[in-house]
Amino acid sequence: MKNNVFLWFIGSLVCLSCASDSKKETTSELHESVQTPAPAKKDVSFRYQMQENSYPDAMLELHSPLENQSFDEGAVPFEFNIKNYPFEHGRKGFQLKMIINGADPIGFNMPIFRKEFDTGTFKVLAFLVDDDGMALKEYGNYVERDFMVGDSKPFPEEEDPYIGVNMPVNGAEYKEGEDIVVDYVLVGGDLEEDGLRVKVAAGGQEFMTDKLGLVNIGNLAKGLHKITISLVDGSGKELSGVFSKSIKQVEVK
């Protein structure tokens with residue numbers, strides 16, 4: 001009798017254990033079946049946008065400094081002459097912008113001014129902008145000039161065309177879902193005639209165009225991003241010029 005009771009007790013424990021394990025497996029399977037899949041990663045998008053030529057006859061001339069002119073350290077005088085363009089002296093924001101040695105553009109609201117420089121050799125690209133702040137890109141809308149300050153030598157002669165990037169600027173912040181506009185000026189060449197293209201790279205992807213205009217970048221994830229804008233030849237090889245490539249870091253919040 002005692003043996004029978006003992007066997008019945010052991011059998012009950014085994015049954016309970018099996019039922020418990022079965023319940024655990026069912027619960028585990030149910031848990032796995034209702035897990036939400038991770039959202040698919042969106043591909044970065046690129047879109048070329050033609051820019052309206054608002055002021056086709058606008059002319060920007062630079063009377064000072066002269067090409068390869070040398071100055072002492074300190075204030076260098078700049079004197080621009082602007083034609084066929086509604087420049088409002090000091091009243092309409094920065095209609096004139098200047099890129100120095102490939103850096104971010106600096107805006108000015110007057111055609112004659114002085115700027116401080118330390119010793120060095122400098123390439124200035126100055127350009128007018130349209131009502132949306134985008135660079136005017138036709139010949140005559142911009143002007144370039146090299147000059148030296150202090151004990152410095154001229155840049156080596158460079159025949160390769162190059163680009164000046166108006167937008168984006170380093171440190172620019174964008175909201176998630178907002179397009180990033182890439183705006184650039186081509187100097188010293190013609191994209192179609194010279195067989196060149198502008199390559200824009202961001203988020204591990206690339207886009208190329210052989211037209212002047214704007215490139216809109218969309219779907220960049222939150223965080224810091226490097227945007228590379230470069231000139232490439234027909235085979236996709238980057239030109240070797242010092243100013244043929246520009247890298248800007250932006251943040252999407």
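With the cut-off at 26 Å, tell me which of the pairs Lys211/Lys237; Lys115/Lys222; Lys115/Lys175; Lys123/Lys226 have Cα atoms farther apart than that.
Lys115/Lys222; Lys115/Lys175
Taking every protein chain into account, the 1.4 Å probe leaves Arg197 with about 70 Å² of accessible area, to the nearest ten.
Tell me the Kirkwood hydrodynamic radius of the stretch 68-135 in angstroms, computed as one over the mean inverse distance between distinct C-alpha pairs. Evaluated over the stretch 68-135, this radius sits at 13.1 Å. Give the cross-link partners of Lys137 among the aspartates and glutamates, using a straight C-alpha distance below 13 Å as the criterion and excluding same-chain residues fewer than 8 apart. By straight Cα distance, Lys137 reaches Glu52, Asp57, Asp183, Asp190. For the stretch 75-82, putting each phi into the Karplus relation 6.51 cos²θ - 1.76 cosθ + 1.60 with θ = phi - 60° gives couplings of 7, 9, x, 10, 9, 9, 10, 10 Hz, in residue order, rounded to whole numbers and with x for Gly and Pro. With the cut-off at under 19 Å, measuring from each backbone N in the stretch 123-138 to a point 7 Å along the Cα-to-Cβ line of Asp160 picks out 123-125. Find the centroid of the Cα atoms in the stretch 233-248 and in the stretch 42-119, then give the distance between the two in whole Å. Spelled out, the Cα-based centre of one part sits 23 Å from the other.
Grab the other residues whose beta carbon is less than 12 angstrom from that of Gln51, score K and R as +1, D and E as -1, and report the net. Value of the local net charge: -4.
The values are calculated or read from the model by the stated rules, or taken from the named source; none is laboratory data. What you see is a predicted model; the values in this text were computed from it and never measured. Every residue, glycine as well, gets a Cβ built from its backbone with ideal geometry; the counts of neighbours run over all protein chains shown. Protein only, heavy atoms only, side chains kept; ligands, DNA and RNA dropped before computing areas. Shrake-Rupley method; radii C 1.70, N 1.55, O 1.52, S 1.80 Å.
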